[in-house]
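The values are calculated or read from the model by the stated rules, or taken from the named source; none is laboratory data. Predicted model, so just to flag it, every value in this text is computed and none were measured. We place every Cβ from the backbone using ideal geometry, glycine too, and count neighbours over all the protein chains shown.
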Amino acid sequence: MNAIRRYLPRKVEFARDAIVRCIHDRRLEVGDRLPPYSQLRTQFGLGSQTIAAAVGSLCELGVLEVRDKVGIFVKNPAGGQLAGRTIAVVVRPLDGSAYAAQLASFIQKLISEQNCRCLAFYRRPLPDAAARPDFDEFPGLEQAVDEHRVDGVITMCPFSPAALHRLNAHNIKCCFIGDDDHNSAMPYGVVIEVKRFLLAALVALQDAGCRRVVQLCADEEQREARRSFMPAYVGRGYDGGAAIAAKLLALPPAERPDGIVSDDDTLVSGFLAELRTAGPEGAPSDYLPLIATIVHREVGERYPSRRMLLFSQDIEEYADLAVELLMQLLQGKRVASSQIVYRFKPVAAAAGKQ
């Protein structure tokens, strides 16, 4: 397949992909008839020779057959395993997060199942990364957009206004997937309603007897967006969680939080790991607050504590919502909502208070 793509002229490749999209989007089956050459020329804005060359290429691959004086027919919709679209998946820094890695993997898998090519672009790690990055923080993405090598984008990072303007200028559809702290500027997205989770977790911790509840946040923007719920400590990744635990251990015991809320699996893992070795001679610390956090069905986090209140997320279901939304946009279908909300579900009761 790659060899065939390399040697096709650009316009012929574009026409071939457009015909493949037509087959997939209309769910055509063996024996179904395609529009005539004249309609394909008008629909794709290409000349007769280009359309004929694209049809000929698909006939060689066994996807189509041309019957003289009758028309163009589907012979094998899956022939050649061709993809009609190319989707860019923009991945945020993983920071050791099994959840983020699994989410990116599911998005790419589900895109492939839609008969689309997938190109992954990873954010360059920067010490002072912008909350809403431009394309230059994702090596290769700017060139792919400007050269029209992508038809759509699913991004785990909210783009800057300049990046969104460039996507719009090239008529490239974009769907955000992430939490609702960052989605305000993104026109389409599948978002986690974090504030609802924070409130539910806070109420559950208070019902369990906690009176000094704080949250763990990944950055200052996140803390600012969530500050009305409860006090917050900021840290990034596993080491950030460990640093927060050390800071709390330095407080007098009566001032330490007895309840912790976080939707960040890496922060929670680092936090608990520090507590496990913070006692005398590396023994576990006597300080162990009740923690409300997320467990993901596909990751199956095993937090080293029984004092947990867990909410669940199905990562594949979450990723599928984003892929389906983008495909509807690419196919020109009317979407029921530009912002789809995914809600966590409580799965375990809190352990007894220490």
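Considering the range 128-158 alone, what residues qualify as being free of Cβ contacts under 8 Å to residues at least 60 places away in the same chain, part of a loop (DSSP other than H, G, I, E, B) and under 18 Å from A104 (Cβ atoms)? Write out each step before concluding.
Filtering the range 128-158 for residues free of Cβ contacts under 8 Å to residues at least 60 places away in the same chain gives 128-130, 132-148, 158.
Next, only the ones that are part of a loop (DSSP other than H, G, I, E, B) stay: 128-130, 132-134, 138-140, 147-148, 158.
Once the filter is applied, which keeps residues that are free of Cβ contacts under 8 Å to residues at least 60 places away in the same chain, part of a loop (DSSP other than H, G, I, E, B) and under 18 Å from A104 (Cβ atoms), the range 128-158 yields A129, P133, F138, P139, G140, P158.
L248: under 18 Å from L309 (Cα atoms) and part of a helix (DSSP H, G or I), yes or no? Full working, then the answer.
Details: under 18 Å from L309 (Cα atoms): no; part of a helix (DSSP H, G or I): yes.
No, not satisfied.
Of the residues that sit in the range 75-91 and are surrounded by 19 or more Cβ atoms within 10 Å (Cβ to Cβ) and at pLDDT below 90, which one is nearest to the chain's Cα centre (by Cα)? Show your work before the answer.
At the first step, the residues of the range 75-91 found to be surrounded by 19 or more Cβ atoms within 10 Å (Cβ to Cβ) are 82-85, 87-91.
Filter again for at pLDDT below 90, leaving 82-85.
Numbers: L82: 24, A83: 21, G84: 21, R85: 18 Å.
Among those that are surrounded by 19 or more Cβ atoms within 10 Å (Cβ to Cβ) and at pLDDT below 90, it is R85.
Looking at the range 208-230, which of its residues are modelled with pLDDT of 95 or more and part of a helix (DSSP H, G or I)?
none
Do we have Y233 as free of Cβ contacts under 8 Å to residues at least 24 places away in the same chain and either crowded, with 19+ Cβ neighbours inside 10 Å or more than 16 Å from P257 (Cα to Cα) (or both) here? First the steps, then the outcome.
Working: free of Cβ contacts under 8 Å to residues at least 24 places away in the same chain: yes; either crowded, with 19+ Cβ neighbours inside 10 Å or more than 16 Å from P257 (Cα to Cα) (or both): yes.
Yes: the conditions hold for Y233.
Pick from A243, A250, A322: which is within 30 Å of C157 (Cβ to Cβ), of a type outside the set (S, T, N, Q) and assigned by TED's automatic domain parsing to the domain that holds L216?
Being within 30 Å of C157 (Cβ to Cβ), of a type outside the set (S, T, N, Q) and assigned by TED's automatic domain parsing to the domain that holds L216 holds for just one of A243, A250, A322, which is A243.
Quick one: how many residues across the range 162-202 are at pLDDT below 90, among the charged types (D, E, K, R) and surrounded by 17 or more Cβ atoms within 10 Å (Cβ to Cβ)?
Counting residues in the range 162-202 that are at pLDDT below 90, among the charged types (D, E, K, R) and surrounded by 17 or more Cβ atoms within 10 Å (Cβ to Cβ) gives 3.
Tell me, which strands (runs of 3 or more DSSP E) wholly within the range 259-346 include 3 or more residues that are of a type in the set (V, I, T)? Lay out the reasoning, then the answer.
Details: elements: 259-261, 290-296, 308-313, 339-342.
Those strands (runs of 3 or more DSSP E) span 290-296.
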